[in-house]
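Have a look at the structure below, then the notes.
A short reminder: the numbers here are calculations on the coordinates, not readings from a lab. It should be emphasised that the depicted structure is a prediction, and the values quoted were computed from it without experimental measurement. Here the Cβ is made from the backbone with ideal geometry for all residues, glycine too, and neighbour counts use every protein chain on show.
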Amino acid sequence: MPKQRDAQDMTYRGFEQGPIRPPSEAHSLLLRVTRNCPWNRCTFCPVYKGARFSVRPVAHLVRDLDAVYEAVQQLREGTRDPAPPGLAAFDPRAWAAARNWSGSGRRQVFLQDANSLVVDPGDLAAILRHLKTRFPEVTRITSYARSNTIANLDAATLADLRGLGLNRIHIGLESGADQVLKMVRKGATQRRQILAGLKVKEAGMELSEYYMPGLGGRRLLEVNALETAAALNQINPDFIRLRTLAIPTHTPLYEDYTAGRFDKATDVEMARELLLFLESLSGISSAVKSDHLLNLLPEVDGQLPQDQARLMGIIRSFLELDPELQYIYRVGRRTGVLWGLGDLADAGKIARVEAICREYHLRPDDVDGITDDLMRRFI
Ligand code: SF4
């Protein structure tokens, strides 16, 4: 994918941050190395649609880091917030980022946006060096990356970046099934996903892989579970992060859905897919994380292999619920009244969900449409 720069990109516009980060990077300094996504074709993804990709010049990242450094020095000296007028390097966004970051000890940095590994490795190395010079206390530097980008990098380049502090990569695997990957235009195959995951691990970096139950729809539900588990069994990532499919209105997948070309699975069917996926994992020691509001069952969170049976038991408990209680749980979880299955023992919370159902005239036979609408609000 060619890097795009024009005169506007070469003009420094002050400290920048992109729109998203993984939930696990809530305490990180967000450092915008690129803008938007160089691929931008995945049919389910709303984040950067219509936004042009660009790589920010190294000099701009140096200025961002210097601005945060300056703000951190002022905070250390006890300068009142906001910074005094006339401070040469004052940038309100850098100041806000420095204040938030200092509150969590300034240990973690997340490189934005969708695929920082597409940056020329020499430029990325220069950014990492300046980062570590300014903030030697940083212990974790993380980035999103596409499998195809990683698969095209040589092992020595990844090892060099690891040596400069880049020590965790998040890959949006989404699925390990070639049919699903092709259908949603992920731009990767199972073979390339496995190659990329193994390369990250061989470089000594921590690896998070995201799995999206439901991405194959009803038609490819089983294959999505089985082939994704098969890929992850070969990679053995440090983390498997669950992101249940939701379909935002402004995506190509929504057009497929409304035109009848994509048969979306229900919550219950996606729970069956997740159970099949977990049953099919073997020989790996990943942590399974359910760290997103889109997931129906947040308790499906634990360490493999020792927690595998417990995690499967949680899903079976949901699937075996009385249909009326299953309906109450789905509405309760999607409206934020219930956190997890354990809340079904809380009579007060159940009464609140029942009141919501009465107030909005909800019935079990329209719960799928309602939960779709509610899930879109979390994206
Ligand atoms: S690569 Fe990631 S950010 Fe880019 S379109 Fe696909 S899911 Fe979205």
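For a 21 Å ceiling on Cα separation, which of these pairs sit above it: LYS49/LYS186; LYS201/LYS289; LYS182/LYS289; LYS132/LYS289; LYS264/LYS289?
As for pairs spanning more than 21 Å Cα to Cα, those are LYS182/LYS289; LYS132/LYS289; LYS264/LYS289.
Once amide H atoms are placed 1.01 Å from N in the peptide plane, what residues at a sequence separation of 5 or more from LEU207, or on another chain, have their amide H within under 5 Å of its amide H?
ILE169, ASP238, PHE239
Enumerate by residue number the trypsin sites (Lys or Arg not before Pro) in the range 258-333 meeting two conditions: DSSP loop (anything except H, G, I, E, B), and at most 13 other Cβ atoms within 10 Å of the site's Cβ.
On the way: sites: ARG261, LYS264, ARG272, LYS289, ARG310, ARG316, ARG330, ARG333; in loops: ARG261, LYS264.
Hits after loop and neighbour filter: ARG261.
For SER285 and ASP120, FRET efficiency with R0 = 35 Å and r from the beta-carbon atoms, rounded to 0.05?
On the way: r = 35 Å, r/R0 = 0.99.
About 0.50, to the nearest 0.05.
Considering Cα pairs under 8 angstrom that are at least six residues apart, work out the relative contact order of the range 256-309 and quote it in whole percent. Before the final figure, lay out each step's value.
Details: 35 pairs, mean separation 14.5, N = 54.
This gives 27 percent for the range 256-309.
If r is the Cβ-Cβ distance from ARG376 to ASN233 and R0 is 45 Å, what FRET efficiency results, to the nearest 0.05? Spell out each step's value before the answer.
Values: r = 32 Å, r/R0 = 0.72.
Here the calculated transfer efficiency is 0.90.
Beta carbons within 10 angstrom, averaged per residue: use that to sort the peptides 118-131, 187-200, highest first. All intermediate terms of the calculation are to be shown ahead of the outcome.
Numbers: 118-131: 18.4, 187-200: 21.5.
Taking the mean over residues of other Cβ atoms within 10 Å, the ranking is 187-200, 118-131.
Would you please name the chymotrypsin sites (Phe, Trp or Tyr not before Pro) within the range 283-379 that are DSSP coil residues with at most 15 other C-beta atoms within 10 Å of their C-beta? Walk me through the intermediate numbers first.
Details: sites: PHE318, TYR327, TYR329, TRP339, TYR360, PHE378; in loops: TRP339, TYR360, PHE378.
For chymotrypsin sites (Phe, Trp or Tyr not before Pro) across the range 283-379 that sit outside H, G, I, E and B with at most 15 neighbouring Cβ atoms in 10 Å, the list reads TRP339, TYR360, PHE378.
Taking C-beta distances below 4.7 angstrom as the pairing criterion, name the unpartnered cysteines of the chain, in sequence order.
Result for the chain is CYS37, CYS357, no neighbouring Cys Cβ within the cutoff.
How far is it, in nm, from the label point at GLN306 to the one at ALA347 when both lie 7 Å from their Cα along the line to the Cβ?
3.7
Looking at the chain, send over the antiparallel percent of its DSSP beta bridges, to the nearest 5. Intermediate results must be reported in sequence, preceding the final value.
Values: 4 of 29 bridges.
In the chain, approximately 15 percent of DSSP beta bridges are antiparallel ones.
Give me a comma-separated list of calculated 3J(HN,Hα) values for the range 356-369, in order, Karplus coefficients 6.51, -1.76, 1.60 applied at θ = phi - 60°, integers in Hz, x for any Gly or Pro.
Karplus values, whole Hz, x for Gly and Pro: 4, 4, 5, 4, 9, 6, 7, 10, x, 6, 10, 5, 5, x.
With angles folded into 0 to 90 degrees, how steeply does helix 58-76 sit against the dominant principal axis of the chain? Use alpha carbons for both and round to 10.
The two axes meet at around 90 degrees.
Give me Rg/Rg_expected for the chain, where Rg uses Cα atoms only and Rg_expected = 2.2 N^0.38 Å with N residues. Could you put the intermediate results ahead of the total?
Details: Rg = 22.2 Å, N = 379, 2.2 N^0.38 = 21.0 Å.
For the chain, the normalised Cα radius of gyration is 1.06.
May I ask you to evaluate 6.51 cos²θ - 1.76 cosθ + 1.60, the Karplus curve with θ = phi - 60°, for each residue of the range 290-300 and list the ³J(HN,Hα) values in order in whole Hz, giving x for glycine and proline?
For the range 290-300, the Karplus-derived couplings read 10, 10, 8, 4, 5, 6, 6, 10, x, 6, 6 Hz, x marking Gly and Pro.
Mean projection of the alpha-carbon convex hull of the range 328-379 over all orientations, in nm²?
3.4
With each pseudo-label sitting 7 Å past Cα toward Cβ, what's the HIS27-TYR12 distance in nm, one decimal?
That separation, rounded to one decimal, is 3.1 nm.
Give me the distance between the Cα centres of the range 150-176 and the range 296-354, rounded to whole Å.
Cα centroid to Cα centroid, the span is 35 Å.
Would you kindly state the longest site-free stretch of the chain, with sites defined as GluC sites (Glu not before Pro) in a DSSP loop (not H, G, I, E, B) surrounded by at most 11 other Cβ atoms within 10 Å? Walk me through the numbers before you get to the answer.
Details: sites that count: GLU77, GLU137, GLU320.
Longest site-free region, per DSSP loop and neighbour criteria: 138-319.
Return one number: the angle in degrees, 0 to 90 and rounded to the nearest 10, between the long axis of the Cα atoms of helix 92-102 and the longest principal axis of the Cα atoms of the chain.
Long axis of 92-102 versus the principal axis of the chain: about 70 degrees.
So the label point goes 7 Å from the Cα of TYR360 along Cα→C-beta, right? Which residues of the range 326-347 then have their backbone N under 11 Å from it?
331-337
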